[in-house]
Every structure is written in structure tokens, then in C-alpha cells.
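What follows is a single structure, written as C-alpha cells, with notes after it.
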Amino acid sequence: MTYKMMRLLCCLSPLFLLLQCAAFPDPVTSKNRNLKLNSEKKVNLIFTGFYRYEKEKEEIIENIKKQGFFYDQTSPITLEVILQKKDIKYRYPLIHKLHFLLTFLSGGIIPSHIRTEHTLTFRYSKSEIILMENEYSIGMDQWRGIPVILLMITHWPNRIYKEQLVETTRLEFIE
């Protein structure tokens, strides 16, 4: 391999890493706190943590409307939908970093693994008193590199994440 080819490969490695990515979702799990919600269908809807996820927010609003809830800013019941990103703690952080470096140096031929986890919380409150709170854990494993090109079509991370948020909203309102 010539010096120019090696230089070109090093310059294109970050591009390959950004373009090839596939995600595999975990099952959605939940934790509940309190169960004293009455059958009030008018709620003051508040979203927290969705500044990067406007499309997902709109999808959640549509699912909430399908369940018969109405947005009413004057309602005493507040439904706060909170999206939070969890800090990932890899079991072997040094191996994870070396794996990422190996992926970078190979130009994306060896895929790297990234784990993402979020919580989506539905908090129902009335005058600062929490009536009910349901917290759902959402997670996925993402693989980046050239070998995942074929998986990108069906497992694109943004699509998987949106499906998880929609599934979580559906789970919240069917129980």
C-alpha cells in the first residue's frame, strides 16, 4: 500500500464511521410510583428533554391524543413527559476504547460498539403533588463500521429510537 493510499484511508476513516451504523433495541422496561390517578382526560402537557427530538415529541403527542387525552393549559392535572439520557458504564472501559481505536485505524472494517440508554418518564401531578409516575427504560446497542452496511436499511438508529418511544407511549396508555 502506498503512502498516498494510506493517507487517503486515514482521512476517510471518520467518514466511514459516521455513515455506517446499525442499532438493535432492548425490550422496554418500566417502574411505577403511586397509582392514584383519576379518570381525568384533560391534562396540561409538558415535555422536558426533547430539544433534539421534535419528531419523536410530535409522535408522542399524537399517541396521547389517540388515547383520549386532551391538551388543556388550564387543567389542574399536569402530564410531564421527561426524556433523560443515562450515563453508560461499560464493564471494561479500556477494552471499549481500544476497540473504538481499532475501528478507526482499520477504516471501519472492524465494527465498533456503542451503547445508549434513556429513560422516558410520564409524571402525573396536581398542584405540585405527584399522583402517579411511570418510568420506562429504553436502550439500544449500536454498531458502526463497513460490515453493518446491509443492516443499516432495517436497523437505522433514529428509526429504532423513534419506534421505542412510540412503543413506550403505547405501553403507558394501555395499562
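We did not get these values from a lab; they are worked out from the coordinates using the rules stated. Model, not experiment: these values are computed from the prediction. Methodologically, a virtual Cβ is constructed for each residue, glycine included, from the backbone with ideal geometry; neighbour enumeration extends over all protein chains shown.
Counting beta carbons within 10 Å around each of Glu163, Glu54 and listing the fewest first gives the order Glu54, Glu163.
Here the calculated FRET efficiency for Thr48 and Asp141, from their Cβ-Cβ distance with R0 = 25 Å, stands at 0.45, rounded to the nearest 0.05. Once you reduce region 64-92 and region 102-175 to the center of their Cα atoms, the two points are 15 Å from each other. Other residues with beta-carbon under 13 Å from the beta-carbon of Pro93 carry, at +1 per Lys or Arg and -1 per Asp or Glu, a net charge of +3.
Express the Stokes-Einstein translational diffusion coefficient of region 73-168 in µm² s⁻¹, to the nearest whole number, given a Kirkwood radius over alpha-carbon pairs, 10 °C and a viscosity of 1.306 mPa s. Using the Kirkwood radius from Cα pairs, D works out to 99 µm²/s.
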